[in-house]
Every structure is written in C-alpha cells, then in structure tokens.
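What follows is one structure encoded as structure tokens, with my remarks underneath.
The values are calculated or read from the model by the stated rules, or taken from the named source; none is laboratory data. Just so you know, these numbers come straight off a predicted model, no measurement behind them. As a convention, Cβ positions derive from the backbone with ideal geometry for all residues, glycine included, and neighbour counts pool all protein chains shown. Ligands, DNA and RNA are stripped out before the accessible areas are found, and what is left, the full protein with its side chains, is counted by its heavy atoms. Shrake-Rupley method; radii C 1.70, N 1.55, O 1.52, S 1.80 Å.
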Amino acid sequence: MIKQLQCGLTAVALIVATALAVSPAKAQQKSEISLSRQPGIFYMPSHIMEKRKLIEKHAAQLGVAGVTTKWVTFSGGGAQTDALLAGGVDILNTGTGNLLLLWDRTRGGVKGIVATSAQPMTLISRDANIKSIRDFGPSDKIAVPTVRVSTQAIVLQIAAAEAFGADQWSKLDVNTVQLGHPDAYAALSNSKHEVHTHFSIPPFTFLELKNVPGAHVVLSSPDVMGGPLSQAQFFTTTKFADANPKIIQAVRDATKEAQDLIRSDTRQAVEIYKEITGDKTAVEELLDLLKEPGMMEWNLEPQGTMKFAAHLFKTGTLKTQPKAWTDYYLPVAHDLKGN
C-alpha cells in the first residue's frame with residue numbers, strides 16, 4: 001500500500017510539474033468551461049446550476065457573454081484531481097481532502113472557490129459484529145471513494161486516532177478499498193460481496209439503511225469532527241482563476257442561487273436533481289431524506305476544514321500547515337465566515 005501511494009504521489013508530482021510549467025498563453029479567458037462532480041445528492045447545487053445554466057447567467061450579468069458549461073461526473077475525487085492537473089477539466093466539485101492535497105502539492109497553485117454542501121457522511125456496516133471502529137479485523141473491508149485521500153478516508157483516520165491513539169491514525173487504512181458510492185451500495189446489497197462496510201453519503205446512506213438487511217450506523221462525520229464538514233466545494237487552479245476572474249465570481253453567484261433554491265423550493269430542487277442524475281428514488285422519499293438532521297447544510301462557507309488540515313499536517317500528508325482556511329481558498333470567498 002505504501003509503495004502504491006508513493007508511486008501515486010510521484011505520478012501526481014509529475015502531473016503537477018507539467019501543469020505548473022504550462023505557458024501563460026494557455027491561461028487565457030475561456031468561453032467553454034468544463035466542471036466535474038461525483039454522484040450523490042451532496043452535489044445537488046451543481047445539478048441545479050447545470051439545468052438552469054446559472055454559471056452562464058451570472059457570467060453574462062458580469063459582462064462575459066457566450067459562456068457554455070460542460071459537466072462531467074467521476075466516481076471518485078482522485079480521478080477528478082488527475083483530470084484538473086492534466087487540463088481535462090477546469091473546475092472540480094469534490095471533497096476537502098482533495099482540495100487540501102492539491103493546494104499543498106502545487107504550493108498554492110490550486111485553491112477553493114466556495115463550498116457547496118456539508119451533509120453528514122455515515123459509516124454503515126451490514127456486519128452484525130461491527131458496532132464501532134474498534135471491531136474491524138484485518139480482513140474487514142471498508143469502501144471509500146479514494147483510499148487514503150478522500151474525505152471519508154481521512155475522517156476515518158481522525159476517528160482511528162481518537163479511538164486507538166494519535167500514533168494509530170492509519171490503523172484502518174489497510175482496510176479501505178476504493179469504490180464509487182453507487183458501486184459500494186451495490187456491494188453492500190450483495191450478501192456474498194467481501195465489502196461489508198461503506199463510508200456513505202446521501203442518498204446512499206438512506207438507501208443502504210432502508211434496503212440492506214442488517215445495515216446499521218457505526219459512526220457519522222459530525223461525531224468525529226464535532227460539527228458539519230464541507231464534503232463538496234468548487235476548486236480550480238490559480239492560473240485558471242487569474243485568467244477568468246469573472247467566471248470565478250459567476251461560480252460563486254450561481255452556487256448561492258442554487259443553494260437558495262434548495263432552501264426555498266426544495267421540491268423543485270429535488271425534481272431537477274432527479275432529472276439530471278436519473279436517480280429513481282421517489283420525490284417524496286428524497287424530500288423526507290432532506291428533513292433528516294444535518295441534511296440542509298447548503299452553505300458557501302467552508303466548514304470544519306481547518307481541523308481536517310491540522311490532521312493532515314500532523315500526519316505528514318500536508319507539508320505546509322495553513323494558518324487559516326483563507327490560505328487554500330481564493331479571495332472571492334474571503335468575506336465568508338469559514339472555519
């Protein structure tokens with residue numbers, strides 16, 4: 001695992017070096033913007049932005065006409081970060097862990113725009129013997145979107161440090177396997193699959209608890225973090241941001257409009273989410289889901305990210321310790337009350 005991680009980081013370093021070496025001519029204002037996200041209702045603001053062409057709308061209001069957007073869905077954050085550094089996409093919508101790792105490895109060459117959601121993540125198991133993280137044995141597999149670096153994997157590390165001692169933060173890394181949320185849900189639903197546990201996000205959290213025999217909660221992210229944690233945020237390269245400041249502002253404005261719609265007309269927001277994603281869950285079921293504790297945490301400001309960063313620095317994953325969350329967010333967000 002360590003050897004694979006080292007190889008992966010070497011590959012990332014090479015991509016980073018290539019990305020940073022791109023000539024200024026490449027960093028020109030763009031009219032077609034490509035954005036990526038992962039599956040799940042965490043990303044509902046992005047579905048509303050796509051359906052209603054909100055980035056295009058706000059860019060035009062800022063004097064940038066003719067902007068178009070292309071949205072791409074990846075199963076995990078790792079594939080998204082590779083795509084960003086290779087120039088395949090312009091802006092990502094994914095987890096705090098990936099933002100911090102890229103900010104660190106590019107020496108500030110990647111930064112956040114705004115957060116989009118901070119709903120709870122939930123560690124769910126169908127194994128009756130696993131009631132807490134102390135119960136995992138060497139052969140018990142835990143599905144996460146990206147091993148070691150996804151938000152779920154890092155929250156699991158923080159939980160392990162609290163349960164087993166600060167020097168045991170990586171104790172459960174060997175148990176993690178990489179599966180996108182839909183595939184992890186399928187694994188839990190198959191009683192013969194070796195993966196019995198999934199660090200899940202909505203709506204998969206609720207689908208698993210409802211449909212998988214024996215599924216139960218082991219822990220949730222608010223238990224570990226002491227409050228909400230931004231699971232999804234938009235981020236990009238500073239080179240792109242510098243060349244496209246009005247697009248960056250348009251992303252912020254569009255995100256706020258989408259979040260406002262979720263709060264003011266939740267039914268319409270859910271219907272848009274279903275249309276864009278093809279989610280077959282009934283509207284009423286999704287509306288009930290959004291009434292659960294913590295499910296309306298749709299905020300622009302980053303939440304819980306400094307505790308996250310402190311863990312990554314303490315464990316050596318980050319080489320630079322941020323002094324404040326504004327270190328890894330662009331100035332467009334600095335007026336917000338983040339943490």
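If you filter segment 146-242 for GluC sites (Glu not before Pro), then keep DSSP loop positions with at most 15 other Cβ within 10 Å, what is left?
The qualifying sites are Glu194.
Nearest 5 is fine: what % of DSSP beta bridges in the chain come out antiparallel, could you say?
About 55 percent, rounded to the nearest 5.
Just how large is the dipole of segment 109-195 about the Cα centre, in debye to the nearest 20, putting +1 at every Lys and Arg Cβ and -1 at every Asp and Glu Cβ?
Using Cβ point charges on Lys, Arg, Asp and Glu, segment 109-195 gives about 120 debye.
For segment 52-90 and segment 243-267, what is the centre-to-centre distance using only Cα atoms, to the nearest Å?
Measuring centre to centre over Cα atoms gives 13 Å.
Loop only per DSSP, at most 15 neighbouring Cβ atoms within 10 Å: give me the trypsin sites (Lys or Arg not before Pro) in segment 70-129, ordered by residue number.
Arg107
Using the Kirkwood radius built from alpha carbon pairs, what does the Stokes-Einstein equation give as D for the chain at 37 °C and 0.692 mPa s, in µm² per second?
Approximately 163 µm²/s, per Stokes-Einstein.
So if I place +1 on the C-beta of Lys and Arg and -1 on the C-beta of Asp and Glu, and nothing else carries charge, what would the dipole magnitude of the chain be about its Cα centre? I want it in debye, nearest 20.
Roughly 720 debye for the chain.
Where does segment 217-335 land on the Kirkwood hydrodynamic radius, alpha-carbon pairs, in angstrom?
Taking every pair of different Cα atoms in segment 217-335, averaging 1/r and inverting gives 16.9 Å.
Largest first, please: the extent of the C-alpha atoms of segment 229-276 along each principal axis, to the nearest Å.
The Cα atoms of segment 229-276 stretch 38, 23, 20 Å along the principal axes, largest first.
Given a 1.4 angstrom probe, what's the average accessible area per residue across the chain, in square angstrom?
I get 42 Å² per residue for the chain.
Tell me the carbon and sulfur percent of the accessible area for segment 107-256, rounded to whole percent, probe radius 1.4 Å.
In segment 107-256, the share of accessible area belonging to carbon and sulfur is 50 percent.
Scanning the chain for helices, which whole DSSP H stretches are 18 Å or more long along the axis (Cα) and average -1.0 or more by Kyte-Doolittle?
Long hydrophobic helices here: 2-21, 151-164, 245-264.
Which order, highest average first, do 150-158, 87-95 follow once you tally other Cβ atoms within 10 Å for each residue and take the mean per peptide?
With the highest mean Cβ count within 10 Å placed first, the list reads 150-158, 87-95.
Counting pairs of alpha carbon atoms under 8 Å apart in space and at least six apart in sequence, what relative contact order in percent does the chain give?
25 percent
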